[in-house]
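Participant: Input: one structure, supplied below.
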Amino acid sequence: MNIKQNITNRFDKTTVESLYSQLENIKNNLHNGIGEGSEFTGWLHLPSEVGESKIQEIEQTAEKLKKTDAVVIVGIGGSYLGAKAVISALQKPFSQQDKPEIIFAGNHISDTYLYHLLNYLENKNFGIVVISKSGTTLEPALAFRLLRNLLNKQKGEKASEYIVAITDKEKGALKKLADKENFKTFVIPDNVGGRFSVLTPVGLLPISIAGFDIKKLISGAKNMEEKLSLKTNIKDDIAIEYALVRNLLYQNGKKIEIMANYTPELKYFAEWWKQLYGESEGKNHKGIFPASVNFTTDLHSLGQYIQDGERILFETVLNIKNTNTKLEVPFDNDNLDGLNYLAEKQVDFVNKQAMTGTIKAHESGNVPNIVIDIDSLNEQNIGELIYFFEKACAYSAYLLGVNPFNQPGVEDYKRNMYELLKK
Ligand code: PA5
């Protein structure tokens, strides 16, 4: 992957150099385990430290669950978004490769969704992967109770064989339940927070069940870990560059960053990114608000605002350079739709021109664009991208002066909700 931007050139050298020097300190501190939240930096070396035996254990567990018709991944926030992002990015639309069907639950409290899910699973052979680091989060706990109830009815004593729990090594209600019921378990390391956990069993198990190569995913992430290591000069470090550019824009009134994609497979990658950056940076009344758009779809809805609304936006475009498919626009003798000017051109060529035209229009409308080039959508490249965004996120938050690894604000709604529910 590669990052393209001409934003640093628009600012005076002293400002840019001062940010580089702050980021150099931040990089050193992060690598030396100094700084707020440093007890949660286990993600930093996950790609190079995940052992072969852990991968094997995950793949073996996945093989067992693959024999079912459906696997429900139960989790919320960092306990599901990474898996959802990777699976959505790699899954071929309309393909049958996704046997078993992967279903996500426990990421909201919708009565309607859960009711219909239970009906849908009634006569299906299904398994459950329940993920909660704290083991006490209401949304997944509630969904898990309902699903386990159904599984118990279907399979009786054998139900536990169809359940995998991913949680803390000793704390929380889920761990207690897993021990009592003898579920297969994986541990979320203490030093890895939820939103940085996609390269632990939290993401790896569901991704493997969905049929994707987690070794390649890890290998991509490891590649990026090496590229962004302490040895790399900060001027060549693309995570530093992204953090720096975002900060420059933020200090100059750009309070909202929109992640833009031009292919629906990346919709959930943006959801993962939004959680990562929103929860890591939005503190002490500071932080860029992370938003997302799916183009060209949203050019026909949000495009107007982006072009002409409040000038507080910048965009980060994920550009997939090569599609895994090749589709040409056919020639039509009658040409009643007037599209023969595109005949024999690839659909992706048309998409790319739409992208180039949009970037140009937004730039001229004072919406700065950062473009992240990705060669193609595969496990290796997604692994690189994940590690890149995680590292740049830590740098960005530290540059803003906040602890990237806590989320004190999330507790407020929980307190009120539990009070109302008389917990
Ligand atoms: O990033 C985080 O820490 C959060 O988004 C959590 O992942 C989310 O709240 C779910 O928590 P848990 O895994 O403890 O159920």
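Participant: Only helices (runs of 4 or more DSSP H) wholly contained in region 176-254 count here; list those with 3 or more residues that are buried (at least 18 other Cβ atoms within 10 Å of the Cβ) and within 16 Å of the ligand (Cβ to nearest atom). Can you show your working first?
Facilitator: Numbers: elements: 201-209, 214-227, 238-251.
Output list reads 201-209.
Participant: Could you give me the residue pairs with C-beta distances under 6 Å whose first residue belongs to region 52-63 and is over 15 Å from V202 (Cβ atoms), whose second residue is assigned to a helix (DSSP H, G or I) and modelled with pLDDT of 95 or more wherever it lies, and which are 6+ apart or on separate chains?
Facilitator: That search, which allows pairs on different chains as well, returns E59/S208.
Participant: Across region 1-40, what is the total count of residues that are under 25 Å from T316 (Cα atoms) and in a loop (DSSP other than H, G, I, E, B)?
Facilitator: So in region 1-40, the residues under 25 Å from T316 (Cα atoms) come out as 1-24, 26-27, 30.
From what is left, the residues that are in a loop (DSSP other than H, G, I, E, B) are 1, 5-7, 11-12.
The qualifying residues number 6.
Participant: Could you check region 47-155 for helices (runs of 4 or more DSSP H) lying wholly inside it with 3 or more residues that are touching a helix residue (DSSP H, G or I) at 6+ places or on another chain (Cβ under 9 Å) and either of a type in the set (G, A, S) or crowded, with 20+ Cβ neighbours inside 10 Å (or both)? Let's see the steps before the verdict.
Facilitator: Numbers: elements: 52-65, 81-90, 111-121, 138-155.
In region 47-155, 52-65, 81-90, 138-155 are the helices (runs of 4 or more DSSP H) which contain 3 or more residues that are touching a helix residue (DSSP H, G or I) at 6+ places or on another chain (Cβ under 9 Å) and either of a type in the set (G, A, S) or crowded, with 20+ Cβ neighbours inside 10 Å (or both).
Participant: Out of (1) within 13 Å of the ligand (Cβ to nearest atom); (2) farther than 25 Å from N378 by Cβ; (3) touching a residue at least 60 places away in the same chain (Cβ under 8 Å), what's the single condition that is false for S134?
Facilitator: (3)
Participant: Residues N322, N378: which one is outside the structural domain of A89 (by TED's automatic domain parsing) and within 26 Å of L299 (Cα to Cα)? I'd like the intermediate steps shown before the answer.
Facilitator: Details: N378 fails: within 26 Å of L299 (Cα to Cα).
Selected residue: N322, the only one of N322, N378 that is outside the structural domain of A89 (by TED's automatic domain parsing) and within 26 Å of L299 (Cα to Cα).
Participant: Next up: Among all residue pairs at least 6 apart or on different chains, which show Cβ distances below 7 Å where the first residue, located in region 401-423, is within 11 Å of the ligand (Cβ to nearest atom) and the second is part of a helix (DSSP H, G or I)?
Facilitator: Matching pairs, first to second residue: P404/S280; P404/C393; P404/A394; P404/A397; P404/Y398; F405/F40; Q407/E279.
Participant: Just to be sure I understand, how many residues within region 276-287 are surrounded by fewer than 21 Cβ atoms within 10 Å (Cβ to Cβ) and of a type outside the set (G, A, S)? Can you show your working first?
Facilitator: First, the residues of region 276-287 that are surrounded by fewer than 21 Cβ atoms within 10 Å (Cβ to Cβ): 278, 282-287.
Add one more test, that the residue is of a type outside the set (G, A, S), and what stays is 283-286.
Residues flagged as surrounded by fewer than 21 Cβ atoms within 10 Å (Cβ to Cβ) and of a type outside the set (G, A, S) within region 276-287 amount to 4.
Participant: From the list Y398, Y341, Y387, which residue is loosely packed, with under 12 Cβ neighbours inside 10 Å and aromatic (F, W, Y)?
Facilitator: Values: Y398 fails: loosely packed, with under 12 Cβ neighbours inside 10 Å; Y387 fails: loosely packed, with under 12 Cβ neighbours inside 10 Å.
On inspection, the qualifying residue turns out to be Y341.
Participant: Let me ask another. Looking at region 271-297 only, could you name the residues that are free of Cβ contacts under 8 Å to residues at least 40 places away in the same chain and either outside the structural domain of F314 (by TED's automatic domain parsing) or away from the ligand (no atom under 15 Å from the Cβ) (or both)? Show your work before the answer.
Facilitator: First pass over region 271-297, keeping only residues free of Cβ contacts under 8 Å to residues at least 40 places away in the same chain: 274, 278, 285, 289-294, 297.
Listed by number, the residues that qualify are H285, F289, A291, S292, V293, N294, T297.
Participant: Identify, from the list L44, L147, L81, the residue that is among the hydrophobic types (A, V, I, L, M, F, W, C) and within 30 Å of Y262 (Cβ to Cβ). Give the derivation first.
Facilitator: Working: L44 fails: within 30 Å of Y262 (Cβ to Cβ); L147 fails: within 30 Å of Y262 (Cβ to Cβ).
Exactly one of L44, L147, L81 is among the hydrophobic types (A, V, I, L, M, F, W, C) and within 30 Å of Y262 (Cβ to Cβ), namely L81.
Participant: Quick one: which of A89, A105, A62, A70 is farther than 30 Å from L244 by Cβ, aliphatic (A, V, I, L, M) and in contact with an Asp or Glu (Cβ under 6 Å, 6 or more places away or on another chain)?
Facilitator: Working: A89 fails: farther than 30 Å from L244 by Cβ; A105 fails: in contact with an Asp or Glu (Cβ under 6 Å, 6 or more places away or on another chain); A62 fails: in contact with an Asp or Glu (Cβ under 6 Å, 6 or more places away or on another chain).
Going through A89, A105, A62, A70 in turn, just one is farther than 30 Å from L244 by Cβ, aliphatic (A, V, I, L, M) and in contact with an Asp or Glu (Cβ under 6 Å, 6 or more places away or on another chain): A70.
The values are calculated or read from the model by the stated rules, or taken from the named source; none is laboratory data. None of these values were measured; they are calculated from a predicted model. Counting neighbours? That spans all protein chains shown, and the Cβs are built from the backbone with ideal geometry, glycine included.
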